[in-house]
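Colleague: This structure is in C-alpha cells; I'll ask about it shortly.
Only the coordinates and a few stated rules stand behind these numbers; no lab work does. Not measured: the values here are computed from a predicted model. Ideal geometry is used to build each Cβ from the backbone, glycine not excepted, and the neighbour counts take in all protein chains shown.
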Amino acid sequence: MPNTEAMTQRVEHTTVMDRLAIDDLVTGYAIAVDDGDWTAYRALFVPEGHVDYRSAGGIAGGVTDVADWLAEMMRRFPVRQHLIVNRRIGIELRDGGAPGDTATVQADYLNPMHLAGPQDAPPATGAGVHPGAAADPRPGVPADLHREHAGAITGASAAPNYTCAGRYAFAARRATEGWRLSEVVVHEKWRQLVPARD
C-alpha cells in the first residue's frame with residue numbers, strides 16, 4: 001500500500017514552496033516597476049505574457065510593448081513606491097490534490113509617487129530615470145496631471161504628490177525557469193493629486 005502520509009507531506013511541501021515562489025514573483029514585479037528595471041520586468045513574464053493597465057490610464061498589450069511604454073511614461077515619476085498587499089494566492093490542483101501549473105493572485109496595491117515638474121532637479125540615481133526627462137510631456141500621462149503640476153514643484157522636494165490604489169489580478173504559470181507571470185490586469189479604484197502650491 002502506498003504511504004499516504006508521506007505523499008501528503010510531499011504535496012504540502014510542494015504547495016508551500018509554490019506559494020512562496022509566486023509571492024516572490026509578485027514582489028519582484030513591484031521592485032522592477034519601482035526601480036525602473038525593465039529587463040527584470042520582462043524576465044518575470046512568459047514570452048506571450050499580456051498586461052492591461054487601461055483602468056489606470058495606461059495601455060494593454062504584450063509584455064515587450066508595455067515594458068517599452070512604461071520605460072517612457074515612468075520617467076515622469078522619478079520617485080515611486082509600489083506596495084502590493086492582501087495577496088490571495090490560488091493554485092490550480094491536479095487530481096489527487098497535488099499543485100498544478102497555473103495560479104492566480106488577487107492583491108491590493110497602494111502606489112505613492114512623485115510626479116515631477118519642469119523645475120524638479122533630475123534624481124542622482126534610479127534605473128530608467130534620465131536627466132531632463134521630467135520636463136518632457138510623455139504619452140500615457142493624463143493631461144490634467146501636466147496642467148496641475150507643471151512648474152509647481154521645487155527640486156528640493158521628492159515627497160509623494162500623486163497616489164493611486166486599486167487591485168491587481170495576476171495570472172502565473174509554471175515554466176522551465178520557475179513560476180512566471182502570464183497576465184497582469186490593473187483595476188484602479190482611486191487616485192489623489194496633492195494640489196500644487198503657489
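Colleague: What FRET efficiency comes out for Ile31 versus Arg10 if R0 is 22 angstrom and r is the Cβ-Cβ distance? Round to the nearest 0.05. Show your work: numbers first, answer last.
Modeller: Values: r = 31 Å, r/R0 = 1.42.
The pair Ile31/Arg10 has a calculated efficiency of 0.10.
Colleague: Spin-label point model (7 Å from Cα, Cβ direction): what's the Met17 to Ala159 distance in nm?
Modeller: My value for the distance between the label points is 4.8 nm.
Colleague: Let's test the formula: R0 of 35 Å, r as the Cβ-Cβ distance of Ala71 and Asp101. What FRET efficiency results, to the nearest 0.05?
Modeller: Details: r = 31 Å, r/R0 = 0.87.
Calculated transfer efficiency: 0.70.
Colleague: Tell me, what is the percent relative contact order of segment 16-124, built from C-alpha pairs under 8 Å that lie six or more residues apart?
Modeller: Values: 124 pairs, mean separation 24.6, N = 109.
Value for segment 16-124: 23 percent.
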